[in-house]
Amino acid sequence: MCFYFHKFFSVVSNGKTLTCLFILSLSLSFLKAFLSVIFVFNNILQIISISIFFFSPPGLWWGVRIFKMDIEQKQAEFIDHFVKQASAQKGTALGSVIVEATSHPSLFAFSEILAVPTVAELDGTENSVYLEVLRLFAHGTWSDYKSNTGSLPQLVPDQVLKLKQLTVLTLAETNKVLPYDQLMLELDVTNVRELEDFLINECMYVGIVRGKLDQLRRCFEIQFAAGRDMRSGQLGSMIETLANWLLTSDNLLISIQEKIKWADNMSEFDKKHLKEVEDRVEEVKKSISAKAEVDFRGIEEIYFEPGGVMDYEEDRSRPKRRRHPRS
C-alpha cells in the first residue's frame, strides 16, 4: 500500500515539475517580448533624438527656437526704424543714420538698410564711404576692416565692438568649436581673460551666441549663433544644405517606419508563440491530470477490493487469540 501511495505522489510531483517548467518558459517568453519592444522603442527614440540635434539645419534646434524668435522680433523692429530713417534722408545726412545703425547694441542685420534706394544712390558719390561701412557691417569682419583702414573712416568704440561681435558670428558659421588662439587673432585680443570676458559679456549675455567656454581645451564650443546677412552666392549653398537635410529626413522617416513594422511583426510573433506555449501547458496539465486520476483509481481498486488489504474496522471486529500462560 505504501508503494502505491508513493507512486501516486511521485506522479503528482512530476506533474508539478513539468507545469513549473512550462510556466517558467511562458515567463521567459513574456520577458523576451517585453525586452524586444523596449529595444525597438529605444532605438526609435535615439534616432529621433539624433535627427533633432544633428540633422536639423543651423538655428532650428528646439532648445533655442523660442530664444531665436525673440531676437528676430527685436531685430525686425530696429530694422524697420532705421529703414524709415534712411528713406527720409539723402546724401551726407545718411552718414549719421548709418553710423547710428552700425553702433546700435541690438542691431545685427543690415541688408534691408542696404536695399533702401537712397542708400544705394550713395555708390560712386563722395559719400560712398558710408555705403562701404554699411557693407562692411553687413558682410565683413574686423580683419576686413584692418585690411582697408586706408579707405574707410575711423570707427567709433561702439562700432568696433559691434564689428567684433559680428566677426564671432561669421566664424561660427563654419565651425562650432572655435580655438582661443584663432579668436584672439581675429579679435585683436591679447590674453585669454580678456577674450573670455568679451565672449561672456558682449556675446552670450547679449544673446547672439550661446555656448560653453572650455578652458582646458582652450576653445569656445558654440551651441547657437545668430545668423548674419546673406552674402551673394550664399543662397545656392543654403538651398543645397536644406535639400540634403530634407533627403536625410526622408531616409530617417523610412528607417523609423521600418522599425515600427519590425516591432509589429515581432509583436505578432510573440503573441503566436505565447498562444502555442499556453496551449502546450494546457495539454500537459490535462495529460498529467488524466494520468494521476488513472493511477489513483488503480490504487483505490487495490485498497478496497475483497480479499485485498484488510480494513481497519474489520481488523478490530475479529476475535483475538488469548495466550495461555505457561505452566
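When 199, 169 are checked against the criterion of being part of a helix (DSSP H, G or I), within 20 Å of residue 113 (Cα to Cα), outside the structural domain of residue 75 (by TED's automatic domain parsing) and not polar (S, T, N, Q), a single residue qualifies: 169. If you go through the stretch 82-92 and pick out every residue that is in a helix (DSSP H, G or I) and exposed (fewer than 14 other Cβ atoms within 10 Å of the Cβ), you end up with 1. Selection of the stretch 214-267 for residues being farther than 27 Å from residue 112 by Cα and among the basic types (Lys, Arg) yields 217, 218, 259, 261.
Of all residues in the stretch 112-166, those that are part of a helix (DSSP H, G or I), without any contact (Cβ under 8 Å) to a residue 24 or more places away in the chain and hydroxyl-bearing (Ser, Thr, Tyr) total 3. The requirement of being outside the structural domain of residue 162 (by TED's automatic domain parsing), on the phi < 0 side of the Ramachandran plot and out of contact with any helix residue (DSSP H, G or I) (no Cβ under 9 Å at 6 or more places or on another chain) is satisfied by residue 239. Across the stretch 172-188, the qualifying residues are those that are in a helix (DSSP H, G or I) and under 30 Å from the mean Cα position of the chain (by Cα), and the one among them that is surrounded by the fewest Cβ atoms within 10 Å (Cβ to Cβ) is 174.
The values are calculated or read from the model by the stated rules, or taken from the named source; none is laboratory data. This is a predicted model, so every value here is computed, not measured. Backbone-built Cβ (ideal geometry, glycine too); neighbour counts: all protein chains shown.
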